[in-house]
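> Below is the structure I would like to discuss, written out as structure tokens.
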Amino acid sequence: MPIDIALDAMGSDKAPDPEIKGAILAARQLDVRVHLVGPEDLLRPKLRECLKGYSKHDRPAVFLVQASEWISMEDKAALAVRSKRDSSMRVGLKMVREGRAAGFVTAGNTGAAMATAKMVLGSLAGVDRPALATVLPTTVGRPCVLLDVGANVDSDPENLVQFAAMGYMYAKNVLGVANPRVGLLSIGEEESKGNALTRDTLPLLRERCLNFIGNVEGRDLYNGNADVVVCDGFVGNVAIKTTEGVVKLMTSGLRQSLKSTITSQVGALLSQKAFKAFKKTLDYTEYGGAPLLGVRGACVIGHGSSNDRAIYNGIRVVADYAGAEVNSGIEALLASKQQS
């Protein structure tokens, strides 16, 4: 049976166009039914226009769910969550809580999405604070899960132990890593290196975390030495934003270099193909957004500048997440470690 996914149709910077196009793309290529959540009077004519070329028999499984309000990027998260009780975020997450959807995707206000998910879905047993994770490419071709990347600016050692369990189960059940290697992000591999948080967390992870490999450094995010890297949300957010900046610098510089050095038509075509493959490896739109781990449901938060390809991949990621029994695995893992 197709998986039902609720999609915040009013989340991205250019909503609802990327959401509608991404939903249609996902419904055509994945075994999903997508429910666009937002004001029907705004969405219906746009959806109808995008579906013009389809007959009744091949029409993608995209449906509308009414929500009279939405939370913008300019809204203060705490205030908007309390005041906009019929927002597209809240309505979509209620669908997950009530079992009408297996997962929820938004490219909207990150703070509001996290707060609404915590309020509507609640936290998993054994989880004090949900965490945002992101999947990074590595030089060995196997992805690395980094968390937290912004849900919790201040964390304590117990939070980081829980993040490790969440990341471990996501890497194992969704990414297919048999026994994920978990590292603690620090400024050196030696146990004495780091700040008070990392020094206090390391012995707890060594005692309670499956396949913990010790401290890792920033370069280990991309060289394949670890499958899961744990840090507090302040450090993780700085790391991921720095990565985005470096990627833009690299792709821009490489593009200019290729233009200035390639002269033959054949060489230009080959270089263009190689450049596109390289850019795709680093392109955030291919990774589908950040899963919010630790809540009772599958929730993925995408980039505000998401295009239809990014929305499609967000739906793909949340569908994989919903079908992989990640949350039950996290609860079981945390329960076993608390008893041991």
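> In terms of modelled amide H atoms, which long-range or inter-chain residues lie less than 5 Å from the amide H of Ser12?
Ala107
> Something else: Under the rule of at least 5 residues apart or a separate chain, name every residue whose amide H is placed under 5 Å from the amide H of Gly103.
So Gly103 has HN proximity to Ala6.
> Still on this structure, please answer the following. At most 14 other Cβ atoms within 10 Å and a DSSP loop assignment: could you name the GluC sites (Glu not before Pro) in segment 43-129 that fit?
The qualifying sites are Glu74, Glu98.
> Follow-up. Per-residue HN-Hα couplings for segment 317-334, Karplus 6.51 cos²θ - 1.76 cosθ + 1.60 at θ = phi - 60°, whole Hz, x for Gly and Pro?
5, 5, 5, 4, 4, 5, x, 9, 6, 5, 5, 5, x, 4, 4, 5, 5, 5
> May I ask you to derive the FRET efficiency for Asp154 and Arg59 from their Cβ-Cβ distance with R0 = 51 Å, giving the value to the nearest 0.05? Intermediate results must be reported in sequence, preceding the final value.
Details: r = 48 Å, r/R0 = 0.95.
Once rounded, the FRET efficiency stands at 0.60.
> Work out from phi, with θ = phi - 60° and the Karplus expression 6.51 cos²θ - 1.76 cosθ + 1.60, the ³J(HN,Hα) of each residue of segment 99-113, listed in order in whole Hz, and give x for Gly and Pro.
Whole-Hz 3J(HN,Hα) from phi for segment 99-113: x, 7, 9, 7, x, 10, 10, 9, 10, x, 3, 4, x, 5, 5.
> Using a Gaussian network model of the chain whose springs link C-alpha atoms within less than 10 Å, name the residue from Pro18, Pro130, Pro60 with the highest mean-square fluctuation.
Residue with maximal mean-square fluctuation among Pro18, Pro130, Pro60: Pro60.
> Sticking with this one: At 7 Å along the Cα-to-beta-carbon direction for both Asp41 and Val140, put a label point, then send me their distance in nm to one decimal.
Modelled inter-label distance: 5.7 nm.
> Can you list the residues, at least 5 places off or on another chain, whose amide H is less than 5 Å from the amide H of Phe212, using H built in the peptide plane?
Val182
> Longest span of the chain, sites excluded, free of trypsin sites (Lys or Arg not before Pro) in DSSP loop with at most 16 other C-beta atoms within 10 Å?
On the way: sites that count: Lys14, Lys52, Lys56, Lys76, Arg85, Arg100, Lys193.
Formally, the longest exposed-site-free interval is 194-340.
> Find the relative contact order for the chain and round it to a whole percent, using C-alpha pairs within less than 8 Å whose residues are 6+ positions apart.
Relative contact order for the chain comes out at 22 percent.
> Using the Karplus curve 6.51 cos²θ - 1.76 cosθ + 1.60 with θ = phi - 60°, work out ³J(HN,Hα) for each residue of segment 61-74 in order, rounded to whole Hz, and write x for Gly and Pro.
Using θ = phi - 60°, the values come out as 7, 10, 10, 10, 10, 6, 9, 7, 10, 8, 9, 8, 5, 7 Hz.
> Out of Ala112, Ala133, Ala125, any idea which swings most in a Gaussian network model of the chain, alpha carbons joined below 10 Å?
Of the options given, Ala125 has the highest mean-square fluctuation.
> On a 22 Å Cα-Cα criterion, which of the cross-link pairs Lys14/Lys76; Lys84/Lys118; Lys52/Lys84 come out too long?
Cα-Cα > 22 Å for Lys52/Lys84; rest within.
> Extension gain Met73-Arg206, at 0.36 nm per residue separation less the Cα-Cα distance, in nm?
Computed gain between Met73 and Arg206 is 43.9 nm.
> Here is a further query. Taking the simple approach of a point 7 Å from Cα along Cα-to-Cβ for both Ala125 and Gln66, what is their distance in nm?
Roughly 3.8 nm, to one decimal.
Read the figures in this text as sums done on the coordinates, not as results from a lab. Quick caveat, the model's predicted, so the values are computed rather than measured. When we count neighbours, we look across all protein chains shown, and the Cβ atoms used for this are built from the backbone with ideal geometry, even at glycine.
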